[in-house]
C-alpha cells in the first residue's frame, strides 16, 4: 500500500508541436486566456493530485513559468525539469548530428531529480477529462514508491482523431485481466468515410476499428520507473544512436518492461472525452468544447479566480 499521500502530475511540455506551429502548450482556448494545460491541472488538483512537475525545454521555461505565476496555492509543490539532448546516462553519448531530445520516455527521465511520489504523465496540450484523473489518481494512491504495477488510461480510437489530418496513436492490446500486452504505434491514422485507415511507411494501408483502445500518453508510474528508464534508454541509444530521428517513446519502454517481466501495466477505462490540438485548425473545436463546459458549470468562467 502507498506510504505517501502525495501524488504528482508530470506535464510533458517540451515539444513545440511541429504540425501545429508555435508553443501550443500555453495557447489560449479558455474565456480568460486559459490553455488546455490549465484545465488539466485544475482537474488533477480537484481529484487529489498534490504536486506538479513541468518538463520543458530550456528555451521555453521562462515563458511557461510566467504563464503559471501566481495561479496555484502554496500547498501545491511546483517543480520544473529540463529535457535536453545531452541529459543521457553515463557511458553513452549523443550523436553529433542529433538536434532534438529522445522522446517521451526521455522526457519522463528528465523528472527523476524532482519527482519522488507516484505520478501521472500527460501531454501538456491534450484534454483528458476529469474522470480520467479521478480514475488514475485512485490507482496511484494505492501504490508504494517501489512498486512496478503501472497504469494507463485508454480511449476509444474513434474519439481521438482529427478532421484536419493524420494522427499518430498507440493501439493497445490487453489480456483477459485488463493488463497491457503491447502498444503498437500507428503514425498516419485518419477517418476515411466510415473507415479508420492507417497508412504504413511502404504506402500500404490497414484498417483499424473504432473501439480499438488508443493510448493518449496518460500513464501512471512510481519512482521505480526511473532506473528502469535509465537501463532501457542506455540500450536504446546504443542500438539507435546513429539515427538522428530515433525516439524512445513510453510505449517502447513498456513493451520492453512487460516482455522482460520487470513491470506490468493496468489499462484503465474512463467515461471522459479526450480532445487536443494536433493541428492549428483543431483550436476552434477545442475552444467550442471548453465554452460548452464553462456554460454547463463544469468549469468556472475564471478558472483561477
* Single unsatisfied condition, residue 155 versus (1) part of a loop (DSSP other than H, G, I, E, B); (2) over 23 Å from residue 227 (Cα atoms); (3) touching a residue at least 12 places away in the same chain (Cβ under 8 Å) -> (1)
* Structure fact -> Over region 237-255, the set of residues touching a residue at least 40 places away in the same chain (Cβ under 8 Å), more than 16 Å from the chain's Cα centre (by Cα) and not in a loop (DSSP other than H, G, I, E, B) is 237, 238, 255
* Could you please give the count of residues in region 256-273 that are in a helix (DSSP H, G or I) and surrounded by fewer than 20 Cβ atoms within 10 Å (Cβ to Cβ)? => 3
* Structure fact -> Of 64, 55, 78, the only residue that is within 19 Å of the chain's Cα centre (by Cα), surrounded by fewer than 16 Cβ atoms within 10 Å (Cβ to Cβ) and either at pLDDT 90 or above or not in a loop (DSSP other than H, G, I, E, B) (or both) is 78
* Asked: Condition test on residue 38, is it in a helix (DSSP H, G or I), closer than 27 Å to residue 300 by Cβ, modelled with pLDDT of 85 or more and touching a helix residue (DSSP H, G or I) at 6+ places or on another chain (Cβ under 6 Å)?
  -> no
* To do: Could you run through region 256-270 and say how many residues are closer than 18 Å to residue 212 by Cβ and either out of contact with any strand residue (DSSP E or B) (no Cβ under 8 Å at 6 or more places or on another chain) or at pLDDT below 95 (or both)?
  => 2
* Asked: Looking at residue 20, is it surrounded by fewer than 22 Cβ atoms within 10 Å (Cβ to Cβ), more than 21 Å from residue 112 (Cβ to Cβ) and modelled with pLDDT of 90 or more?
  -> no
* Identify, by number, the condition in (1) surrounded by 15 or more Cβ atoms within 10 Å (Cβ to Cβ); (2) assigned to a strand (DSSP E or B) that residue 164 doesn't meet. => (2)
* **Number of the condition not met by residue 253 [criteria: (1) over 30 Å from residue 31 (Cβ atoms); (2) in contact with a strand residue (DSSP E or B) (Cβ under 9 Å, 6 or more places away or on another chain)]** => (2)
* Asked: Of these, 113, 154, 91, 129, which one is at positive phi and at pLDDT 90 or above?
  -> 129
* **Among the residues listed as 85, 180, 143, 136, the single one being more than 16 Å from residue 8 (Cα to Cα) and crowded, with 23+ Cβ neighbours inside 10 Å** => 180
* Determine, yes or no, whether residue 160 is out of contact with any helix residue (DSSP H, G or I) (no Cβ under 9 Å at 6 or more places or on another chain) and modelled with pLDDT under 95. => yes
* Would you check if residue 101 is farther than 11 Å from residue 13 by Cβ, under 16 Å from the mean Cα position of the chain (by Cα), modelled with pLDDT under 90 and not in a helix (DSSP H, G or I)? => yes
* Asked: In region 184-227, which residues are under 30 Å from residue 87 (Cα atoms), touching a strand residue (DSSP E or B) at 6+ places or on another chain (Cβ under 6 Å) and crowded, with 16+ Cβ neighbours inside 10 Å?
  -> 186, 214, 215, 216, 217, 218, 219, 220, 221
* To do: Test residue 72 against the criterion of being at pLDDT 90 or above and within 16 Å of the chain's Cα centre (by Cα), and give yes or no.
  => no
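The values are calculated or read from the model by the stated rules, or taken from the named source; none is laboratory data. Treat the numbers as computed from the prediction; the structure is a model and nothing was measured. Note that we place each Cβ from the backbone using ideal geometry, even for glycine, and neighbour counts take in every protein chain shown.
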